[in-house]
Amino acid sequence: MSNQQNPAGVASTASVELKFLTVTSQLFEENCYVVYREGSSACVVVDPGLEPDRIIAAIEEAKLVPEAILLTHGHADHIAGNAVMKEHWPELPLIIGEGDAPKLLDPVANLSEGFGVGFTSPPADRTVVESETLEFDGVVWTVLETPGHSSGHVVFVAKGASPMLLLGGDVLFAGSVGRTDFPDSNPAALFSSIREKLYPLPDESLVLPGHGPPTTIGREKRTNPFVGVAE
């Protein structure tokens, strides 16, 4: 793997391992993750960004076969690759939180119009809500609704992994939090989402954020300048 398409880490679930590749698109430095089990060719693709050809190349280089596209929210930098991914794998289901599904079809709401490109995504094949579960290749992902950065933002948690693996989108970053200056953002809701939905997870839970390096729940509780928790 090149340094732009490298395994970012490993988490285990039961007696098998979850691995992930990270493909970071330029311009917004958005992270797309390809998550798969050790020894299996099945994978899920998370938030395909502005360089879908690189994402496809990484998947095919690793000899993986995607089973779904999981979207944490509907902002342009996280959905830009959807159309190309669906062209390449037409049967690949596109899954997003119910509240952000309309953004896929609205260039103003998904913010692409504001950057002068005005694109849309194929519509969602499935929408999800709080506490709903998805299973792919024996890995169960639990949906948590985490509004604040985007009104319909969700995260996906592999609670059976050790450590837990959190596909976090733009909620909690290493040393920071998601932006709250968009039309449907809400700072109070974002902080509530982090404190009430994410911080109850085990400290060792691994967070794969939409931007920047991986972190853990415990590290952010101790050191995050925006939402740290005093000992």
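The values are calculated or read from the model by the stated rules, or taken from the named source; none is laboratory data. Worth saying up front: this structure is predicted, and the values here are computed from it rather than measured. Glycine gets a Cβ as well: all are built from the backbone with ideal geometry, and neighbour counts include every protein chain shown.
Criterion first (more than 14 Å from G74 (Cβ to Cβ), within 17 Å of the chain's Cα centre (by Cα) and either not small (G, A, S) or not in a loop (DSSP other than H, G, I, E, B) (or both)) does V140 satisfy it? For V140, the condition - more than 14 Å from G74 (Cβ to Cβ), within 17 Å of the chain's Cα centre (by Cα) and either not small (G, A, S) or not in a loop (DSSP other than H, G, I, E, B) (or both) - is met.
Within the range 172-201, being more than 19 Å from V140 (Cα to Cα), free of Cβ contacts under 8 Å to residues at least 60 places away in the same chain and among the hydrophobic types (A, V, I, L, M, F, W, C) holds for L172, F173, A174, V177, A188, A189, L190, F191, I194. For I217, state whether it is within 24 Å of G74 (Cβ to Cβ), of a type in the set (A, V, I, L, M), in contact (Cβ under 8 Å) with a residue 24 or more places away in the chain and surrounded by 22 or more Cβ atoms within 10 Å (Cβ to Cβ). So I217 does not fit the description; no. Residue count for the range 184-231, restricted to those that are of a type in the set (A, V, I, L, M) and in a loop (DSSP other than H, G, I, E, B): 4.
In the range 114-141, the qualifying residues are those that are in contact with a Ser or Thr (Cβ under 9 Å, 6 or more places away or on another chain) and either small (G, A, S) or buried (at least 19 other Cβ atoms within 10 Å of the Cβ) (or both), and the one that is farthest from E38 (Cα to Cα) is G118.
Would you check if G169 is surrounded by fewer than 17 Cβ atoms within 10 Å (Cβ to Cβ), within 26 Å of E67 (Cβ to Cβ) and small (G, A, S)?
So G169 fails the test.
Considering (1) more than 18 Å from V34 (Cβ to Cβ); (2) in contact with a His (Cβ under 7 Å, 6 or more places away or on another chain), the lone condition that D47 does not fulfil carries the number (1).
Matching residues to (1) of a type in the set (A, V, I, L, M); (2) surrounded by 23 or more Cβ atoms within 10 Å (Cβ to Cβ); (3) at pLDDT 95 or above:
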position: A76; (1), (2), (3): yes, yes, yes
position: I79; (1), (2), (3): yes, yes, yes
position: A83; (1), (2), (3): yes, no, yes
position: H88; (1), (2), (3): no, no, yes
position: P93; (1), (2), (3): no, no, yes
position: I96; (1), (2), (3): yes, yes, yes
position: D100; (1), (2), (3): no, yes, yes
position: L104; (1), (2), (3): yes, no, yes
position: S112; (1), (2), (3): no, no, yes
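Among the residues making up the range 24-74, those that are in a loop (DSSP other than H, G, I, E, B) and surrounded by 24 or more Cβ atoms within 10 Å (Cβ to Cβ) are D47, P48, G49, T72, H73, G74. Taking the criterion of being touching a residue at least 24 places away in the same chain (Cβ under 8 Å), farther than 15 Å from P147 by Cβ and out of contact with any Gly (no Cβ under 7 Å at 6 or more places or on another chain), the residues of the range 93-119 that qualify are P93, L94, I95, L111, F115, V117, F119. Does the range 116-131 contain any residue that is on the phi < 0 side of the Ramachandran plot, more than 19 Å from the chain's Cα centre (by Cα) and of a type outside the set (K, R)? Scanning the range 116-131 turns up at least one residue that is on the phi < 0 side of the Ramachandran plot, more than 19 Å from the chain's Cα centre (by Cα) and of a type outside the set (K, R).
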